[in-house]
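K.L.:
One structure coming up, written as structure tokens, with questions to follow.
The values are calculated or read from the model by the stated rules, or taken from the named source; none is laboratory data. These figures come from a predicted structure and were not determined experimentally. Note that each Cβ is placed from the backbone with ideal geometry, even for glycine, and that neighbours are counted across all protein chains shown. These accessible areas exclude ligands, DNA and RNA; they are computed on the full protein's heavy atoms, side chains included. Shrake-Rupley method; radii C 1.70, N 1.55, O 1.52, S 1.80 Å.
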Amino acid sequence: QVQLVESGGGLVQAGGSLRLSCAASGRTSNVYTKAWFRQAPGKEREFVARINWSRTSTYYAESVKGRFTISRDNAKNTVYLQMNSLKPEDTAVYYCAAGDPISYNDNGRFDYWGQGTQVTVSS
């Protein structure tokens, strides 16, 4: 019903910046909580950031706080992750996710996931 497609990944040197985008199909996704996760080979999937539908609440993993900014453009059904001051340890496949109001608010569940986009940070 809802599809998420990430883009914007690539190779960047340490200290550089990238902006990831996640386009969602369906206008109903505008009221979904949106989030970014990442996973490096051999590591567990890690929460990165999330934002509510009205853009009044954001939350970040401690490892990215102050460097990454999550935002969304509901008119475009798109969520972004601005990544600044990138470090080699930020290297991972980044996934966007969306949770409907009931599933996320009650259970912290994300119902929809994108296919991922690779971010590689060289030292």
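K.L.:
Does residue 84 qualify as being out of contact with any strand residue (DSSP E or B) (no Cβ under 6 Å at 6 or more places or on another chain), in contact (Cβ under 8 Å) with a residue 12 or more places away in the chain and either open to solvent by 50 Å² or more (accessible area, probe 1.4 Å) or under 20 Å from residue 110 (Cα atoms) (or both)?
P.N.:
Criteria met by residue 84.
K.L.:
Just checking: which of the strands (runs of 3 or more DSSP E) contained wholly in region 1-76 hold 3 or more residues that are surrounded by 17 or more Cβ atoms within 10 Å (Cβ to Cβ)?
P.N.:
Strands (runs of 3 or more DSSP E) meeting the threshold: 18-24, 33-39, 46-51, 68-73.
K.L.:
Here's a check for you: in region 101-121, which residue that is touching a Gly at 6+ places or on another chain (Cβ under 9 Å) and among the hydroxyl-bearing types (Ser, Thr, Tyr) is surrounded by the most Cβ atoms within 10 Å (Cβ to Cβ)?
P.N.:
Checked region 101-121; the qualifying residue surrounded by the most Cβ atoms within 10 Å (Cβ to Cβ) is 117.
K.L.:
Condition check: at pLDDT 95 or above and more than 12 Å from the chain's Cα centre (by Cα). Does residue 88 satisfy that?
P.N.:
Answer is yes for this residue.
K.L.:
In region 90-100, is there at least one residue being surrounded by 15 or more Cβ atoms within 10 Å (Cβ to Cβ), more than 24 Å from residue 1 (Cα to Cα), touching a Ser or Thr at 6+ places or on another chain (Cβ under 7 Å) and touching a residue at least 40 places away in the same chain (Cβ under 8 Å)?
P.N.:
Step one: list which residues in region 90-100 are surrounded by 15 or more Cβ atoms within 10 Å (Cβ to Cβ), which gives 90-100.
Now drop any that are not more than 24 Å from residue 1 (Cα to Cα), which leaves 90-92.
Restricting the remaining residues to those that are touching a Ser or Thr at 6+ places or on another chain (Cβ under 7 Å) gives 91.
Cutting the leftovers down to touching a residue at least 40 places away in the same chain (Cβ under 8 Å) gives us 91.
Looking for residues that are surrounded by 15 or more Cβ atoms within 10 Å (Cβ to Cβ), more than 24 Å from residue 1 (Cα to Cα), touching a Ser or Thr at 6+ places or on another chain (Cβ under 7 Å) and touching a residue at least 40 places away in the same chain (Cβ under 8 Å), one finds at least one in region 90-100, hence yes.
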